[in-house]
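S.K.: Handing you a structure now.
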Amino acid sequence: MFITFEGPDGSGKSTQIKKTAQSLTAAGYEVVLTREPGGTEISNQIREVIMNLKNKQMSPRTEILLFCSARAQLVEELIRPALAAGKIVISDRYADSTLAYQGFGHGFDRRFLKELLNFATGNLWPDLTLLLDISPEKGLQRRLSNAVEWNRMDDYQLAFHQRVRDGYLLLAADEPGRWRMVNADQEEDRIQAEIMAIVRERLNTF
Ligand code: TYD
């Protein structure tokens, strides 16, 4: 089973993903954790280029292709083999991030992006996508309180993050069978309980 976590910056995804993986491992499942951009040696090298604060002049088109390159490598090298071996793969962001950030955020044609994503992933889409929803104001506040984690991608205007959030809500509404939304503006344990209830239900019906 392939599970992805999506959400605006600062939605607390990484904490929740770690906890989810721990619970599933404790329940006897084999879990492979990954994150985007990154997850393999080559993808991490591409991540470094995307995130580097030195690369302020990077064109949005370059950025799209780099995200897709990192993802193509991740799918081939790590995700597909793990799924074929019957493992649960959990990814911190995946193709929907490109639709939300580059599509809704930057205004690139979403139908084209979807085709590009199908090419990059060989049509691999998640079985379950958890959207950790939070307002951009709250999300960015959280990131600001952790300045070490600040990177080039955070450096956009609030309006951009608002479009990303609204985009996520539309993507989730479009494919209700795959997406489940969780309010990320709650206490950590409560968010985790909601996530695990959704994941357990999916595992039973998988
Ligand atoms: P990261 O530091 O991993 O942030 P987060 O903890 O919020 O996931 O940086 C990822 C950034 O890259 C984040 O701002 C979202 C952005 N992004 C895209 O714009 N498009 C993509 O396809 C992906 C995977 C990420």
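The values are calculated or read from the model by the stated rules, or taken from the named source; none is laboratory data. What you see is a predicted model, and the numbers here were worked out from it, not measured in a lab. Ideal geometry is used to build each Cβ from the backbone, glycine not excepted, and the neighbour counts take in all protein chains shown. Each accessible area value is taken on the protein alone, full model and side chains, heavy atoms only, with ligands, DNA and RNA left out. Shrake-Rupley method; radii C 1.70, N 1.55, O 1.52, S 1.80 Å.
S.K.: Can you give the accessible area of ARG47 in Å² (nearest 10), computed on protein heavy atoms with a 1.4 Å probe?
M.R.: About 50 Å², rounded to the nearest 10.
S.K.: Could you work out the relative contact order of the stretch 2-205? I mean the mean sequence separation of Cα pairs under 8 Å and 6+ apart, divided by the number of residues, in percent.
M.R.: Relative contact order here is 32 percent.
S.K.: Next question. Modelled label-to-label distance, LEU203 and ASN146, 7 Å Cα→beta-carbon offset: nm?
M.R.: About 2.5 nm, to one decimal.
S.K.: Whose amide H sits under 5 Å from the amide H of ARG35, counting only residues 5 or more places off or on another chain, with H placed in the peptide plane?
M.R.: Those lying under 5 Å, H to H, from ARG35 are ASP92.
S.K.: Considering just Cα atoms, how many Å³ per residue does the convex hull of the chain enclose?
M.R.: Considering the Cα atoms of the chain, their hull volume per residue is 116 Å³.
S.K.: Next question, about the same structure. For labels at ARG111 and ALA159 in the simple 7 Å Cα→Cβ model, what's the distance in nm?
M.R.: 2.7 nm
S.K.: How much accessible area per residue does the chain have, in Å², with a 1.4 Å probe?
M.R.: 49 Å²
S.K.: Taking the full set of protein chains and a 1.4 angstrom probe, give the accessible area of SER23 in square angstrom, rounded to the nearest 10.
M.R.: Surface open to solvent at SER23 totals about 50 Å².
S.K.: Compute the longest continuous run of the chain that contains no exposed GluC sites (Glu not before Pro); treat a site as exposed when its DSSP state is not H, G, I, E or B and it has at most 15 other Cβ atoms within 10 Å.
M.R.: In short, 31-186.
S.K.: Counting only protein heavy atoms, what percent of the accessible surface of the chain is carbon or sulfur at a 1.4 Å probe?
M.R.: 52 percent
S.K.: Between GLU41 and GLU187, what FRET efficiency comes out of the Förster formula 1/(1 + (r/R0)^6) with R0 = 35 Å and r the beta carbon distance, rounded to 0.05?
M.R.: So, using R0 = 35 Å, E works out to roughly 0.40.
S.K.: What are the ³J(HN,Hα) values, in whole Hz, obtained from phi via the Karplus relation 6.51 cos²θ - 1.76 cosθ + 1.60 with θ = phi - 60°, for each residue of the stretch 162-168 in sequence order, with x given for Gly and Pro?
M.R.: 5, 5, 4, 4, 4, x, 4
S.K.: Run the count for the chain, please: Lys pairs, Cα-Cα under 23 angstrom, 8 or more apart or on different chains.
M.R.: Within the chain, the lysine pair count is 6.
S.K.: Residue by residue, what Karplus-based ³J(HN,Hα) values in Hz, rounded to whole numbers, does the stretch 5-21 have, using 6.51, -1.76 and 1.60 with θ = phi - 60° and x for Gly and Pro?
M.R.: 10, 10, x, x, 4, x, 7, x, 4, 4, 4, 5, 5, 4, 5, 4, 4
S.K.: Let me ask something else. Per-residue accessible area for TYR29 at 1.4 Å probe radius, Å² rounded to 10?
M.R.: 90 Å²
S.K.: Would you mind putting 52-59, 10-17 in packing order, based on average other-beta-carbon counts within 10 Å, highest first?
M.R.: Ranking the peptides 52-59, 10-17 by packing returns 10-17, 52-59.
S.K.: Something else now. If amide hydrogens are placed 1.01 Å from N in the peptide plane, which non-local residues have theirs closer than 5 Å to the one on MET181?
M.R.: Long-range HN contacts for MET181: LEU131.
S.K.: Continuing with this model, one more query. Along the stretch 178-192, what does the Karplus equation 6.51 cos²θ - 1.76 cosθ + 1.60 (θ = phi - 60°) give for ³J(HN,Hα), rounded to whole Hz, x for Gly and Pro?
M.R.: 9, 8, 9, 9, 10, 6, 8, 9, 9, 5, 3, 5, 5, 4, 4
S.K.: Run the dipole for the stretch 2-205 about the Cα centre, Lys and Arg Cβ at +1, Asp and Glu Cβ at -1, nothing else charged, and hand back the magnitude in debye, nearest 20.
M.R.: 200 debye
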